[in-house]
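Data first, discussion second: the structure below is written as structure tokens.
The values are calculated or read from the model by the stated rules, or taken from the named source; none is laboratory data. This is a predicted model, so every value here is computed, not measured. Quick reminder, even Gly has a Cβ in these numbers, built from the backbone with ideal geometry, and neighbours come from all protein chains shown. With ligands, DNA and RNA removed, areas are computed over all heavy atoms of the protein, side chains included. Shrake-Rupley method; radii C 1.70, N 1.55, O 1.52, S 1.80 Å.
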Amino acid sequence: MPSQLATLNDWVDDVARLTQPERIHWCDGSEQERQALLELMLASGDLLALNPDTHPDCYLHRSSPSDVARVEHLTFVCTSEREDAGPNNNWMAPADAHPKIDALFAGSMRGRTMYVVPYCMGPIGSPISRCGVEITDSPYVVANMRIMTRMGSAALARIEREERFVKGLHSIGELDPERRFIMHFPEELSIKSYGSGYGGNALLGKKCHALRIASHQARSEGWLAEHMLIVGIENPQGETRYVAAAFPSACGKTNLAMLIPPEGYRAAGWKVWTVGDDICWMQPGEDGQLWAINPEAGYFGVAPGTSQKTNPNALAMLTRDAIFTNVALTADNQPWWEGLDERVPATDWQGRDYDPANGPAAHPNSRFTVSARQCPSWTPKAEEPAGVPISAIVFGGRRASLVPLVFEARDWTHGVLVGAAMASETTAAATGAVGVVRRDPMAMKPFCGYNFGDYWNHWLSFDQPGRKLPKVFHVNWFRKGADGQFLWPGFGDNMRVLEWMLRRVEGSVEAAETPIGLLPQPGDLNADDVAPEAVDLLLGVDTDGWREELAAIAAYFDGYGERMPQALLAECERISAALEARPQTAQSRRASSHA
Ligand code: OXD
Ligand code: MN
């Protein structure tokens with residue numbers, strides 16, 4: 001018997017009967033297995049070896065050109081009751097979904113190897129971790145899962161001990177966009193994904209398990225599964241505080257997770273440690289604090305825009321043992337993407353000779369997969385079974401106007417509102433104009449496995465006597481001036497904002513009360529080299545603009561009907577009333593006229 005767990009063997013047998021593979025391979029995660037997979041993929045052309053001098057043990061995978069991103073419109077949450085999936089998800093009844101997708105799986109692995117991939121999300125010995133098994137016919141998925149999760153024998157041993165795991169079934173099928181579904185069955189703790197080999201659709205441990213299924217599981221078990229990075233900030237006294245931060249895609253999450261403090265901070269002894277760049281599981285500890293783990297073991301990061309300026313740590317970790325997907329190549333076979341440097345690539349992401357007329361050389365969603373330990377700012381705390389205590393939760397979005405650089409929520413309920421009201425502009429705004437705002441609560445719009453109304457209630461339920469909950473902040477690195485230029489330097493300089501937050505956590509700095517929350521008082525934020533007019537805008541509260549924003553938030557919440565927590569509606573009303581009572585100040589008038 002491949003496993004001592006009958007339920008696992010029975011499921012594998014059932015899947016094999018349905019999909020008809022030529023052979024079944026149970027993955028042990030060994031080096032020998034990795035080598036064999038690499039050889040297989042190099043022989044089949046699934047992988048190309050990159051320049052062994054500059055990028056030893058690095059490979060390029062080119063996906064099917066119609067399979068390059070997550071497919072939200074084909075992603076379903078299949079709960080028995082439609083309302084439990086909520087307006088935030090596509091829904092299908094399990095009784096309809098199973099036969100529909102099983103018909104696609106029938107015979108889909110004929111002539112192929114079926115890999116059984118046991119994995120653990122989080123350190124093997126952590127009580128916060130949870131396990132799963134992915135069955136897949138893609139060796140590329142296996143190679144990525146080996147980097148992104150704790151995959152193999154140790155995970156299988158834990159699964160056999162615990163006798164519970166999330167079942168994930170994946171087949172690349174024909175890679176036909178017309179025959180593609182990503183289905184989640186949270187009540188059964190199972191996932192079925194057909195027709196895509198791309199990361200978020202196919203590496204089932206990541207978005208499917210660690211966010212959609214885990215968020216559902218977390219609700220019933222009293223914890224939180226969030227789309228957040230985790231970063232440790234060490235002060236010159238050697239104390240490290242941990243911050244969890246949620247941003248929608250393309251808002252610099254990986255850069256913040258791997259931030260290098262500006263020279264002056266480094267000289268004073270500040271350090272930044274990376275625990276995770278995408279997902280955070282948090283549980284209240286006996287001491288009342290929230291303790292967090294990064295359930296992942298690697299980074300599946302967006303390549304374009306990663307450079308010596310934006311993220312030197314990421315560049316340093318990408319010179320060996322990495323898998324690149326859909327990047328371009330230089331003439332000497334090095335990986336290349338837009339924003340990396342001034343070199344001109346030779347081959348684009350589809351393997352064609354590079355021609356600017358064909359668009360970007362690297363696909364805008366091209367990726368790297370690399371072990372977390374290769375990041376220079378990686379901390380062994382990422383392996384700590386108890387996790388790390390979270391001192392601050394940060395929500396953020398891309399807003400060219402209105403939203404200040406940083407503000408603090410008054411209390412937990414207000415913090416939940418700040419997260420629930422999160423929004424980000426889909427396009428950069430031209431001078432003065434406002435971009436298209438999409439609501440993305442807690443950056444979980446594509447990832448929450450149940451009704452957002454219930455999810456916000458779950459967040460609110462953490463406020464209990466004896467809890468030492470983190471302070472909640474909102475940031476906006478993307479505020480623009482009238483000339484369309486960013487007002488804040490961003491990247492490493494975001495350290496200055498983190499410093500203010502940590503001083504608030506310590507209680508060593510006062511803040512200015514406003515209807516929308518607590519803002520830095522003049523002089524408390526290290527912004528001496530930023531023009532005073534820019535600081536005014538960055539820290540101003542445009543009363544009229546916020547009245548409109550509150551109305552838009554309330555209209556959005558209307559869509560959640562009876563599931564909408566009354567406490568958040570009351571909080572909205574409280575803020576609206578405070579805004580009504582507040583005249584436009586000189587500062588905020590200036591803010592609105594520049595917005
Ligand atoms: C990701 C995403 O891939 O959020 O992490 O889309
Ligand atoms: Mn993400």
Original post:
Mean separation of Cα pairs under 8 Å and 6+ residues apart, divided by the residue count of region 290-425: what relative contact order is that in percent?
Top reply: 30
Original post:
Mind checking the angle between helix 94-105 and the chain's longest principal axis? C-alpha axes, 0 to 90 degrees, to the nearest 10.
Top reply: 50
Subject >> Estimated D of the chain in µm² per second, where Rh is the Kirkwood radius over Cα pairs and Stokes-Einstein applies at 4 °C, 1.567 mPa s >> reply: 52
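Just need the relative contact order of the chain here, percent rounded to a whole number, with Cα pairs under 8 Å and 6+ apart.
Details: 1294 pairs, mean separation 82.3, N = 595.
The normalised contact order for the chain reaches 14 percent.
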Subject >> the chain, accessible area per residue, ligands and nucleic acids excluded (1.4 Å, Å²) >> reply: 37
**OP:** Working from Cα positions, state the angle (0 to 90°, nearest 10) between the long axis of helix 139-148 and the longest principal axis of the chain.
**Re:** 40
**OP:** Only Lys, Arg, Asp and Glu count, each charged at its Cβ (+1, +1, -1, -1), so figure out the dipole size of the chain about its Cα centre, rounded to 20 debye.
**Re:** 60
**OP:** Using a/c under 1.5 as the rounded threshold, could you call region 169-285 rounded, prolate or oblate? The axes a ≥ b ≥ c are square roots of the C-alpha gyration tensor eigenvalues, and prolate needs a/b larger than b/c, oblate otherwise.
**Re:** oblate
Subject >> Degrees, to the nearest 10: 494-506 long Cα axis against longest axis of the chain >> reply: 70
Original post:
Given the pairs 253/480; 192/445; 167/445; 381/468; 207/468, which are separated by over 26 angstrom at their Cα positions?
Top reply: 207/468
Original post:
With labels modelled as points extended 7 Å from the Cα through the Cβ direction, what inter-label distance (nm, one decimal) is found for residue 569 paired with residue 22?
Top reply: 6.1
Original post:
What percent do you get for the relative contact order of region 31-146 when only Cα pairs under 8 Å and 6+ apart count?
Top reply: 17
**OP:** Pop out the carbon and sulfur fraction of the accessible area of region 366-483 as a percent, whole number, probe 1.4 Å.
**Re:** 53
Original post:
Which distance in Å, rounded to a whole number, links the C-alpha centroids of region 331-355 and region 39-87?
Top reply: 20
Original post:
HN-Hα J couplings of region 459-468 from phi, Karplus 6.51/-1.76/1.60, θ = phi - 60°, integer Hz, Gly and Pro as x?
Top reply: 4, 4, 5, 6, 7, 10, x, x, 7, 10
Subject >> Projected label distance in nm at residue 436 and residue 562, using a 7 Å step from Cα toward the beta-carbon >> reply: 3.4
Original post:
Sorted by packing (mean other beta-carbon atoms within 10 Å per residue), highest first, where do 21-32, 443-454, 566-577 land?
Top reply: 443-454, 566-577, 21-32
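Using mean Cβ contacts within 10 Å as the protection proxy, how do 501-508, 130-137 order, highest first?
130-137, 501-508
For the pair residue 30 and residue 110, what calculated FRET efficiency results from E = 1/(1 + (r/R0)^6), where r is the Cβ-Cβ distance and R0 = 45 Å, to the nearest 0.05?
My answer for the efficiency is 0.95.
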